[in-house]
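> Pasting a structure here, questions to come.
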Amino acid sequence: MILKSRNVLIILIGLIFLLNACEEEAEDIKNGGEITLSSEFHGPVNQYYRFGYSFEKAKFFQIPPAAADEVPDIFLEDLLLPGDENLKAFLYSEESNKNGILKVSDFNTPAEAEDFYSSYTEATVDSWLSFTEALQNYQVYIFKTSDNNYVKLLIQDIRIVDNFSFPDFMEVDLKYFIQRDGSGIFVE
């Protein structure tokens, strides 16, 4: 009898450990990092979507949004401009965002851009745009989310991805930091 209750106790302890291991950990929402945005289409024919990024939730969501609470802040669009044979990349703010994006400065080297980005501590903006000019490496932008939080962005790398079928798409690596208190002061 003692042996059976001991086995039951061991099984119960094992189940408790198993249940604790299966519990979801609380998501750690990051204030900054590096991401890659892509203009690649996904999904079945006539239901194409892309992925955009939500700085507020630190997650990628599809555009057009699949649900009201899964709206990305920005997404990448590629366009072939008249008279140019190469695709150009543009960042767009999601249409429900009354704020937007604005370029702060351009730089010639990654070191210059990184130094400026790191020392850029206060956003001052008079007006916003819903999309950028054609992106170039080493640009710094500021963005204001629909929740009125400021984000600074550093464009690190832009590339055309030739997937050997039509259409090619673009990817942009960027570094970001979001100030979650609604102020334009970037404190890391």
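> Would you kindly derive the ³J(HN,Hα) couplings of region 103-119 from the backbone phi angles with the Karplus curve 6.51 cos²θ - 1.76 cosθ + 1.60 (θ = phi - 60°), listing them in order in whole Hz, with x for Gly and Pro?
With the stated coefficients, region 103-119 comes to 6, 9, 6, 10, 9, 8, 10, x, 5, 4, 5, 5, 4, 5, 4, 5, 8 Hz.
> If packing is taken as the mean number of other Cβ atoms within 10 Å per residue, what is the order of 177-184, 86-93, highest first? Could you put the intermediate results ahead of the total?
Working: 177-184: 15.9, 86-93: 20.0.
In descending order of packing, they fall as 86-93, 177-184.
> Still on this structure: Each residue of region 127-139 in turn: what ³J(HN,Hα) in whole Hz from Karplus with 6.51, -1.76, 1.60 and θ = phi - 60°, glycine and Pro shown as x?
Working through the residues one at a time gives 8, 10, 10, 8, 8, 8, 6, 4, 5, 9, 4, 6, 9 Hz.
> What are the residues whose amide H is under 5 Å from the amide H of V161, where those residues sit 5 or more places off or on another chain and H is modelled from the backbone?
F169, M170, E171
> Hey, another quick one. Quick check of the Kirkwood formula: for region 28-179, what is the inverse mean of 1/r over all pairs of different Cα atoms, in Å?
Working: mean 1/r = 0.0629 Å⁻¹.
After inverting the mean inverse Cα-Cα distance, the result is 15.9 Å.
> For region 28-179, calculate the relative contact order in percent as a whole number, restricting contacts to Cα pairs under 8 Å that are 6 or more residues apart.
25 percent
> Report the label-to-label distance for V45 and D28 in nanometres (one decimal), using points 7 Å from each Cα along the Cα→Cβ vector.
The answer from the label model is 4.5 nm.
> List the lysines whose Cα sits under 25 Å from the Cα of K59, skipping any in the same chain fewer than 8 residues away.
Within the straight-line cut-off, K59 pairs with K30, K88, K98, K103, K144, K152, K175.
> Check which residues have an amide H placed less than 5 Å from L87's amide H, if you skip close sequence neighbours.
Residues meeting the criterion, in which the H sits 1.01 Å from N, do not exist here.
> Quote the FRET efficiency, to the nearest 0.05, computed for F131 versus R180 with a Förster distance R0 of 22 Å and r equal to the Cβ-Cβ distance. Could you put the intermediate results ahead of the total?
On the way: r = 24 Å, r/R0 = 1.10.
So the FRET efficiency works out to roughly 0.35.
> So for each of 31-44, 151-164 I average, over its residues, the number of other beta carbons within 10 Å; can you give me the resulting order with the highest mean first? Please report the intermediate quantities before stating the final value.
On the way: 31-44: 14.4, 151-164: 16.5.
In decreasing order of mean packing, 31-44, 151-164 become 151-164, 31-44.
> Name the long-range amide H neighbours of F61: under 5 Å, sequence gap of 5 or more, or other chain; modelled H, no Pro or chain starts.
Placed amide hydrogens put G52, Y53, S54 under 5 Å from F61.
> Determine ³J(HN,Hα), in whole Hz, for all residues of region 94-102 in sequence, where each value follows from phi through the Karplus function 6.51 cos²θ - 1.76 cosθ + 1.60 and θ = phi - 60°; x replaces Gly and Pro.
4, 4, 7, 7, 6, 8, x, 9, 8
> So if I take the centroid of the Cα atoms in region 69-107 and the same for region 109-188, what is the distance between those two points in Å?
Here the answer is 10 Å between Cα centres.
> Something else about it: Work out the FRET efficiency for D115 and R159 from their Cβ-Cβ distance, taking R0 = 25 Å, and round it to the nearest 0.05. Please list the in-between numbers first.
Values: r = 24 Å, r/R0 = 0.94.
Once the sixth-power term is evaluated, E becomes 0.60.
> How many nm is it between the label spots at A67 and I35, if each spot is 7 Å from the Cα in line with the beta carbon?
1.8 nm
> Defining a contact as two alpha carbons under 8 Å apart and six or more residues distant in sequence, what relative contact order in percent does region 90-163 show? List each step's numbers first, then the result.
On the way: 120 pairs, mean separation 28.9, N = 74.
Reported as a whole number, the value is 39 percent.
> Let me ask something else. Of the listed peptides 136-147, 115-126, what is their order by residue-averaged count of other C-beta atoms within 10 Å, with the highest listed first?
Numbers: 136-147: 19.5, 115-126: 13.2.
Highest mean packing first, the order is 136-147, 115-126.
Readers should treat all values here as calculations from the given coordinates under stated rules, not as data from a laboratory. None of the values given here were measured: they were computed from a predicted structure. For neighbour counting, all protein chains shown are included, and Cβ atoms are generated from backbone atoms with ideal geometry for every residue, glycine included.
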